[in-house]
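Q: Here you go, one structure.
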Amino acid sequence: MTIQTIATQPFLDQKPGTSGLRKQVQVFQKPHYLQNFVQAIFDSLEGYQGQTLVVGGDGRYYNREAIQIILKMAAANGFGRVLVGRGGILSTPAASCVIRKYGAFGGIILSASHNPGGPDGDFGIKYNISNGGPAPEKVTEAIYARSKTIDRYLVLDAPDIDLDKTGILTLGEMTVEVIDSVSDYAQLMESLFDFDRIRELLTSGRFRMCMDSLHAVTGPYAHRIFEQQLGAPAGTVQNGVPLEDFGGGHPDPNLVYAHDLVEVLYGDNAPDFGAASDGDGDRNMVLGRRFFVTPSDSLAILAANAKLVPGYRNGLAGIARSMPTSQAPDRVAAQLGIDCYETPTGWKFFGNLLDADRATLCGEESFGTGSNHIREKDGLWAVLFWLNILAVRQQPVEEIVREHWKTYGRNYYSRHDYEGVDSDRANTMMTNLRSLAPTLKGKTFGNYTVEYGDDFSYTDPVDGSVSQKQGIRIGFTDGSRVVFRLSGTGTQGATVRVYLESYEPDPAKQDQDPQVALADLIAIAEEVAQLRATTGMDKPTVIT
Ligand code: G16
């Protein structure tokens, strides 16, 4: 087996977005495209010779081919060992768990998360550092810079390896360990949650749950944990076989794309609890019977109930949420006397806070919740957290949420997405908003008076790094907010995201439809951003 040096030319579009490099599959299939990016990652790292790399993906189309390429490139570049999930499968949280558990140098995760898969769908790749979390911006910027000058990559001339049997193989001088994709992760979950109590609940005959894995990566994890370890009846996990194209669906756990689950939970004889996760298993959606829990509320409720869960019994060091996430968790943090950090969108911004033990729980409005157990958000962890709370409190989901609102007030919340917008028009809109926002202070819109308008900038309290232009915020004197951002995870055109939030302390007024409660703010968003004219759309494509 010889190491080949292949001459190549840079692609100029390899700038990682909110979470790694995401493109259509056909882009990744272009000769040298994936290889260039992988070599740019390796060239940006120091000290990995002889070290361990973790590799796995969400099983989408092109996962297996990409893994074979990465293994041969890792061997040629001098890694000592690669741990790869069987069949090339590792959910994003499982990859984070494995990196940490085995002291790996880092990991490469292949996923375009919630974006559709298949030959005409999307693919993605991201690098995670030794704490198990997504590479911080200084690393992704170095990778991008290198991708623009790259002129060669190294690859071992070797046959493909068998990814379907666990065991230890060699590839040149490098060891490849094909590991069970589920067991390390399942063990970690068992160490955090009261499995006996959850088992009691799931086998009591008084409680039914439905888990929809959307034909994506969590199928094997959910079968093992819910059905085999916790005794939930067979059939509890639906769409539990990962498919390369996710069965043609859109593996995004929200009210629009997880509609099968929504129908079950809002139908006759609905189960007590429903959950879904996304393509790579880091997102979650939680439903009670005929009841949707917003991700922001979910984070707040997990924080308020953390002491009921063994892994968090000693309390929380702090909470962190992304800027567009509702301020519901802030209220819990205030009550608990702990800090609540507001970070830009992107899980990578939580890494330093978790490493420095400033935050224990983190969450985002984009259906991501997690904790210091790993350095990624974690879909099944959130589901188990909820099950643990339900097992202890023995109340329906809806009752728990309503009691929470009574205590802390309700943060009405909604996100309006306009997908597939012309990029130039979307960028112009953001530029206009950037100049307009600071001029709005003191201006009134109906009952609302603007308290501040800015473009969110974040200074990391641990390493002092500054991230600018993270979203236009318009805050009102009563704590309500409208936020505008462009998504950093799409692959076609631009997606405009509008985040809307208002606060209602009065329990008598906490029962409105959020779209009704937020109607004035929705109108203000239209007025300041001219959304209809910019997007050419009458209404958002997705409302969550
Ligand atoms: C990624 C990031 C999240 C972010 C989400 C949406 O999630 O890890 O932190 O909230 O994208 O980002 P955007 O609004 O820029 O599209 P995932 O699940 O796609 O990896």
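Q: With the Cα gyration tensor of region 287-341 giving a ≥ b ≥ c as the square roots of its eigenvalues, does the rule (a/c under 1.5 for rounded; else a/b larger than b/c for prolate; else oblate) give rounded, prolate or oblate? Before the final figure, lay out each step's value.
A: Values: a/c = 2.36, a/b = 1.20, b/c = 1.98.
Oblate, since a/c reaches 1.5 and b/c is not below a/b.
Q: Would you mind working out the accessible area per residue for the chain, using a 1.4 Å probe, and quoting it in Å²? Intermediate values should be presented prior to the final figure.
A: Numbers: 20140 Å² over 544 residues.
Per residue, the chain has an accessible area of 37 Å².
Q: From the Cα gyration tensor of region 19-104, with a ≥ b ≥ c the square roots of its eigenvalues, which class applies: rounded if a/c is under 1.5, or else prolate if a/b is larger than b/c, or else oblate?
A: Numbers: a/c = 1.77, a/b = 1.19, b/c = 1.49.
Oblate, since a/c reaches 1.5 and b/c is not below a/b.
Q: Could you tell me, in Å, what Rg and Dmax come out for the Cα atoms of region 191-313?
A: Taking only Cα atoms of region 191-313, I get Rg and Dmax of 14.2, 42 Å.
Q: Assuming 1.306 mPa s and 10 °C, estimate D for region 460-544 with Stokes-Einstein, Rh taken as the Kirkwood radius over Cα pairs, in µm²/s.
A: On the way: Rh = 15.1 Å.
Approximately 106 µm²/s, per Stokes-Einstein.
Q: What lysines sit close enough to Lys72 to cross-link, taking a C-alpha to C-alpha distance under 27 Å and skipping anything fewer than 8 places away on the same chain?
A: In chain and number order, the partners are Lys15, Lys23, Lys30, Lys101, Lys126, Lys138, Lys148, Lys165.
Q: Take the Cα coordinates of region 397-491, assign each an equal point scatterer, and use the Debye formula without solvent to give log10 I(q)/I(0) at q = 0.23 Å⁻¹.
A: One equal scatterer on each Cα of region 397-491 leads to -1.17.
Q: With charges only on Cβ, +1 for K and R and -1 for D and E, what is the dipole size of the chain about its Cα centre, in debye, rounded to 20?
A: Details: 50 positive and 66 negative charges, 120 e Å.
That gives a dipole near 580 debye.
Q: Now for a separate question. Scan the chain and note any complete DSSP helix (H) whose C-alpha atoms cover at least 20 Å along its axis and whose Kyte-Doolittle average is -0.5 or more.
A: Numbers: long enough: 63-77 (21 Å, 0.27); 379-393 (21 Å, 1.62).
The qualifying helices are 63-77, 379-393.
Q: Take the alpha carbon gyration tensor of region 153-258, find the square roots of its eigenvalues, order them as a ≥ b ≥ c, and report rounded if a/c is under 1.5; if not, report prolate when a/b exceeds b/c, else oblate.
A: Numbers: a/c = 3.15, a/b = 1.68, b/c = 1.87.
Verdict is oblate for region 153-258.
Q: Using a 1.4 Å probe over the heavy atoms of the protein chains, calculate the carbon and sulfur portion of the accessible area of the chain as a whole percent. Spell out each step's value before the answer.
A: Numbers: 9340 of 20140 Å².
Carbon and sulfur atoms account for 46 percent of the accessible area of the chain.
Q: Continuing with the same structure: Cβ under 13 Å from Thr8's Cβ, Thr8 left aside: what net charge do those residues give with Lys, Arg +1 and Asp, Glu -1? Intermediate results must be reported in sequence, preceding the final value.
A: Numbers: positive: Lys30, Arg146, Lys148, Arg152; negative: Asp43, Asp151.
Net charge in that neighbourhood comes out at +2.
Q: Kindly provide the Kirkwood hydrodynamic radius of the chain in Å, to one decimal, from all pairs of distinct alpha carbon atoms.
A: Details: mean 1/r = 0.0421 Å⁻¹.
Averaging 1/r across every pair of different Cα atoms and inverting gives 23.8 Å.
Q: Now, a different point. I'd like the distance separating the alpha-carbon centroids of region 490-510 and region 69-90, in whole Å.
A: 41
Q: Further question on the same structure: Can you list the lysines whose alpha carbon sits under 24 Å from that of Lys406, skipping same-chain ones fewer than 8 residues off?
A: Answer for Lys406, where 24 Å is the Cα cut-off: Lys307, Lys509, listed by chain and number.
Q: Treating the beta-carbon of each Lys and Arg as +1 and of each Asp and Glu as -1, no other charges, what is the dipole magnitude of region 10-133 about its Cα centre, to the nearest 20 debye? Could you put the intermediate results ahead of the total?
A: On the way: 12 positive and 7 negative charges, 52 e Å.
Charge dipole, region 10-133, about its Cα centre: 240 debye, nearest 20.
Q: Starting from the Cα of Lys539, draw a straight line to each of the aspartates and glutamates and keep only those under 15 Å, dropping any in the same chain fewer than 8 residues away.
A: The qualifying aspartates and glutamates are Asp417, Glu419, Glu526, Glu527.
Q: Give the accessible area for Asp357 in Å² (nearest 10); use a 1.4 Å probe, count only protein heavy atoms, and leave out ligands, DNA and RNA.
A: Number for this one is 100 Å².
Q: So how much accessible area does Arg425 have, in Å² to the nearest 10, using a 1.4 Å probe?
A: Rounded to the nearest 10, that gives 120 Å².
Q: In what order, largest first, do Tyr102, Tyr408 sit by accessible area if the probe radius is 1.4 Å? Don't skip to the answer; put the middle values down first.
A: Working: Tyr102 90, Tyr408 40 Å².
Largest to smallest exposure gives the sequence Tyr102, Tyr408.
Q: Turning to a different aspect of this structure: Return the whole-Å distance between the Cα centroid of region 176-195 and the Cα centroid of region 325-353.
A: 27
Q: If you don't mind, there's one more thing I want to ask. Distance from the Cα centre of region 261-300 to that of region 384-459, in angstrom?
A: Centre-to-centre (Cα) distance: 19 Å.
The values are calculated or read from the model by the stated rules, or taken from the named source; none is laboratory data. Here the structure is a predicted model, which is why all the values come from computation and not from measurement. We place every Cβ from the backbone using ideal geometry, glycine too, and count neighbours over all the protein chains shown. Side chains are part of the model used for accessible areas, which takes the heavy atoms of the whole protein and leaves out ligands, DNA and RNA. Shrake-Rupley method; radii C 1.70, N 1.55, O 1.52, S 1.80 Å.
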